[in-house]
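Bear in mind these aren't lab numbers, they're just calculated from the coordinates by the rules spelled out. Bear in mind the structure is a predicted one, so any value in this text is a computation, not a measurement. With ideal geometry, Cβ positions are generated from the backbone for all residues, glycine too; neighbour counts draw on all protein chains shown.
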Amino acid sequence: MGVEGIGARVVRKEDRRFITGQGRYVDDVKMVGMSYAHFIRSPHAHAKVKGIDSAEAMKMPGVIAVLTGQQIVDDKVGNLICGWAITSKDGSPMKMGAWPAMAPETVRFVGQAVAVVIAETKNQARDAAEAVVVNYEELPAVPDIKAAIKPGAAQLHPEAPGNIVYDWHLGDEAAVKDAFSKAANVVTLDLTNNRLVPNAMEPRAAIAHYDQAEEHYTLYTTSQNPHVARLVLSAFYNIAPEHKLRVIAPDVGGGFGSKIYIYPEEMVALWASKKVGRPVKWTGDRSEAFLTDAHGRDHVSKAELAFDKDNKILGLRVKTHANFGAYMSLFSSAVPTYLYATLLSGQYVIPAIYAEVIGVYTNTTPVDAYRGAGRPEASYLIERMMETAARQLKVDPTELRKKNFITQFPYQTPVIMAYDIGDFHASIDAAMKAIDYAGFPARKAKAKADGKLRGIGISCYIEACGIAPSKAVGSLGAGVGLWESAEIRVNPVGTIEVLTGSHSHGQGHETTFCQIIAERLGVPISQVSIVHGDTDKVQFGMGTYGSRSLAVGGTAIVKAMEKVEAKAKKIAAHALEASESDIVIENGEFKVTGTDKSIALPMVALAAYTAHNLPEGMEPGLKETAFYDPTNFTFPAGAYICELEVDPGTGKTSFVNFVAADDFGRLINPMIVEGQVHGGLAQGIGQALLEGVVYDGTGQLVTASFMDYSMPRADDLPSFQLSHTTTLCPGNPLGVKGCGEAGAIGASAAVINAITDAIGNNKLEMPATPDRVWHAIHG
Amino acid sequence: MYETNYHRASSVADAAATFAKGAESKFLAGGQTLLPVMKQRLAAPTDVIDLSKVQEMIGIEVSGDTVTIKGATPHYDVAQSDAVQKAIPALANLASMIGDPAVRYRGTIGGSLANNDPAADYPAALLALGATVKTNKRSITAEDFFKGLFTTALEDGEIITAVSFPVPAKAGYAKFPNPASRFALTGVFVARTKAGDVRVAATGASQSGVMRVAPIEQALKANWAASALDSVTIPASGLLADIHGSADYRANLVKVMGQRAVTAAG
Amino acid sequence: MSTVKLTVNGKAVSVDVEDRTLLVHLLRENLNLTGTHVGCDTSQCGACVVHVDGRAVKSCTMLAGQAAGCNVTTIEGLAKGDELHPMQAAFRDNHGLQCGYCTPGMIMSAVDIVHRHGGKLDEETVRHELEGNICRCTGYHNIVKAVLDAAGRMKVAQAAE
Ligand SMILES: Cc1cc2nc3c(=O)[nH]c(=O)nc-3n(C[C@H](O)[C@H](O)[C@H](O)COP(=O)(O)OP(=O)(O)OC[C@H]3O[C@@H](n4cnc5c(N)ncnc54)[C@H](O)[C@@H]3O)c2cc1C
Ligand code: FES
Ligand code: FES
């Protein structure tokens, strides 16, 4: 590895602008003649919109327009789509209710937009919004799964009787029944996977501009995937034709899934910019984020695990109800199905698995993929089951896991996934060593003497990342392909631009992707720049989510590089009068092996562009493109062990140690990888201890600000002890698996397993707040 | 935020006079409560009168057995004050636990008391220490000052100019923060006066705001020790219940924080 | 409307704003100093922290008028020309930022923490003192490392002066 090549802890190139206040986020952008949008949102969870009177508002200072849901329908703007079709057990397609960008007739969750005010200033727009009179007729609301599926419950959408979106299944029901009939022991558990608010620190924002002369639209938006936004805005929402729409996602302040989706606000801003003939800016505030950013998780499950007399797993049966909120968000349907049930085998040999998933509408904010998306829910379920089983079977939880680990690869699970490679023993052993697992009983005894309840909890997660082989996801109902593109431009002076369809909103692509180039060419990363986030610059791409940027986007870069190198070698060979096969690339030079003859990259590049002396028949220029479609998912896996203490007086949990042993395949920049793990762990721990959405019985969001929704703060978390065990991913040339979601997937079970170990009973749901833990202890 | 008129007062008298002129005036001190409320458009004062630069309202004085904290003194200054740390360390400690550093730089004792949030910290100290609130019109004992959730004895336009605390023999404060807001889910302030009386106040717990805790006072009067509270039970009736803590949990916290406050007091 | 005169990053400025204008909006909208961010509307996240007369405060919880006559330093004014402030350098070197959104407020708060505690900082103190700054990306691990690292660097820098 070079100092800036693969494996080097290179400090990030992008940091300088961020630490000096020069980052450029959407709200930082100003346009000449910009106007401001403020949305009028439903205060009711379920109501008919009887009328909207904007006469008074139109008279207020600075008001340019008040636009309503009916106008958006009249202009034939398309309803929001869900891009993954799921088929129910009975063969029927999922039942989608219509979701217009602003509600013309019925509102179905608190915060749903019914109208928008456009004004000269932000304050004027908000002032005028209060003068718009919306007449609602309230309807009964169903704020949770239980209420929604009750016979006689209020119905959200006529298309979805019983508020059921789908009733889907995966696996072999008969085989599982058979397995349970032979079981020596059965472990059962009811689990809730709590609903979360993603809360990227930058609130969503959009600026739309319609250029009348060019009939061209520009949209700045806080997006993880600007190309998908453009595709959806043009192909499905009919707002602007694709070739007349430029979508720019500049610096984006975190996403975690919530900025994948194309939300009503950017649709409306774009549509309104043409209507009012002015650039329109909308910047959400945190309160709007709580109400309208797609929430995550929200499963209620019953799980049963069958063991034989030797404590080998025979089968797993799972029934899950997944709350989708009031509408089906862009990828929501796939989350509790193909991103969840397919991972229920965890790290274990489970001969038979059967999972049923019932998707439910409720009068709440729509739910979609949030960091980990389905895989945290699967991992939490199986890892709590394993810990519970170990206690019930009276065996050490690490022993029970080891006994059931998959050790032969590739391994075909009964739930679609074929794990390519892994070494689960290596990661659990590393984690056990790091935390001194053997010494735990003594530490527990000592803590007890000090009046503290100490516990240890394990979680061995596996995830499917590098999303995803297009053909495979297509056959499962996906509406898009999930390949990635890259274009490499070597400029005449030898500097390099890498255009990628991935998008960085904190992940450090501007550094990691440069390291791949530096590794191959031996040029300093200062010579390389990464271009992303602008549909005018990068032709197409699928964006960043599902830990896919490196495994899929990075591989596309490698594929494009291979083409660039092949051509450059031809040019070099021609210039050096050598055979192409004798050319090697070292430290930015093309050398003839075994000689001292060489030519530097800038000279090769210059030759390519001057084209004075190129090999016969070669086109000038040095620029190549690749589209890479993965052949399989990648399977990052690892073992997390958490040791903590519970204060029996208050129920408060404090960490003693948290160790993570991950297998991400090859690490391009270990410093960045560790950062991703830290952030993921914080979100997983946040879910376990602090975060949880609460709606009241009428569908009002109780946890609607940081005053009531507990965000992990610095003093809630420990420093983490990380290590890596490595099996290289055979599916891509870099050998990488992805690291962005692991922490969020694996951490929560480790924490809850540790607390239930500490308090000696299993009656605990997430978030394990001090109040809940205290009640679990004291009844 | 709704449009408003901002005035910077130069003295207490100036502040009172400017207040009287506005249609719907409000004093602004640290702004750490009023501004968030105004940002959410839950308050719409026509005029805000800034007290934070009124020099006669800033500062800390210790004379004899009394610590006086002037009305617009920020939490940070109280927490850092050598004089307070020496005379009533529990009070400095309490101030150091309010909000976060940025809040403590700007938030003031007068603002906190005037607001009387049921989960605020200062009210527990005032009630347990038997402090007196000084306004531009009168002196009000802590007992008379707090009137329930977000209500006080202050009249419209009345300004808290200072709070005086009698120096106790011993005092301690223990706070269990709300995991989200970091206000007190329950905070208990225990004090033993120089005359030997014991006063205990809890914040964050009761449906009617800061309260004295008689069972703990009795137990501590008999025996000033954390263990004296082992057998005390706090009734859950009348206590707050929300998503962060049920009433019985808060009742437990009153006791446990009471014990920890006694330990802190020494 | 009022005219607010103040000093920002060493420069005297005079701005006409509505009285309801918050300091953060004066900085972002009127002075184009967009490094100071807004992450919440309940004064809790700390993305907006700047120094006013040397104290780290939330610029979203201060009226522009309250800052009249004050000396304000924002993230843009922290480096000396091209030379990064030791806290900025420590954030970069320790990978104390990911998306960068919380970073300006984090750095401004962190500088204040070191000023108050000098070299006597330990991990627990840093974590406690960062209570008012929320980061969703980093899990704080590397932020804490950066602050401790910078505390050392600032001590050395101070000793050298
Ligand atoms: C993030 C955050 C966390 C916090 N955490 C805590 C906490 O843990 N514990 C806690 O106790 N508090 C907490 N607070 C509140 C904080 O202590 C405030 O400073 C305090 O409640 C109000 O003081 P202020 O000076 O900011 O008053 P302002 O917000 O300026 O005013 C509050 C009210 O008091 C009135 N007022 C102000 N000064 C006077 C006066 N001298 N005389 C008469 N009326 C006056 C105002 O008109 C207004 O109605 C927190 C605040 C924030 C933003
Ligand atoms: S913007 Fe969140 S505290 Fe200021
Ligand atoms: S770096 Fe993204 S919020 Fe802190």
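The table below gives the values:
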{"quantity": "Extended-chain gain in nm, criterion 0.36 nm per residue less alpha-carbon gap, A:LYS433 and A:ARG17", "calculated": "145.7 nm"}
{"quantity": "Taking chain A and dividing mean pair separation by its residue count, relative contact order in percent (alpha carbons under 8 Å, at least six apart)", "calculated": "16 percent"}
{"quantity": "Tail weight of P(r) past 18 Å, computed on alpha-carbon pairs of the stretch B:5-50, percent", "calculated": "23 percent"}
{"quantity": "Sequence-distant residues sharing a close amide H with A:VAL531 (under 5 Å, placed H)", "calculated": "A:VAL498, A:LEU499, A:THR500"}
{"quantity": "A:THR631 paired with B:ALA222, simple spin-label distance in nm, labels 7 Å along Cα-to-beta-carbon", "calculated": "8.0 nm"}
{"quantity": "Residue-span extension gain [A:ALA566 to A:LYS471] - 0.36 nm each, minus C-alpha spacing", "calculated": "31.3 nm"}
{"quantity": "Gaussian network model of chain B, Cα within-10 Å springs - most flexible of B:LEU113, B:LEU239, B:LEU91", "calculated": "B:LEU239"}
{"quantity": "Förster-model FRET efficiency, 22 Å R0, A:THR87 and A:SER181, C-beta, rounded to 0.05", "calculated": "0.15"}
{"quantity": "Averaged over C:18-26, number of beta-carbon atoms from partner chains that fall within 10 Å", "calculated": "4"}
{"quantity": "Calculated FRET efficiency for the pair B:GLN55/B:GLN80, C-beta based, R₀ 25 Å, to 0.05", "calculated": "0.85"}
{"quantity": "Computed E for B:ASP242/B:LYS147 - FRET, C-beta separation, R0 25 angstrom, nearest 0.05", "calculated": "0.70"}
{"quantity": "Under 28 Å from A:LYS146, Cα to Cα: lysines that are on another chain or at least 8 residues apart", "calculated": "A:LYS48, A:LYS89, A:LYS95, A:LYS177, A:LYS302, A:LYS319, A:LYS763"}
{"quantity": "The stretch C:2-77 - percent relative contact order, Cα under 8 Å, separation 6 or more", "calculated": "39 percent"}
{"quantity": "Chain B - percent relative contact order, Cα under 8 Å, separation 6 or more", "calculated": "15 percent"}
{"quantity": "Peptides A:270-279, B:114-123, A:618-627, A:367-376 ordered by average Cβ neighbours within 10 Å, highest first", "calculated": "A:367-376, B:114-123, A:270-279, A:618-627"}
{"quantity": "Gyration tensor verdict on chain A (Cα atoms; rounded if a/c is under 1.5, prolate if a/b is larger than b/c, oblate otherwise)", "calculated": "oblate"}
{"quantity": "Extension gain (nm, one decimal) between A:GLN721 and A:MET31, 0.36 nm per residue minus Cα-Cα", "calculated": "243.8 nm"}
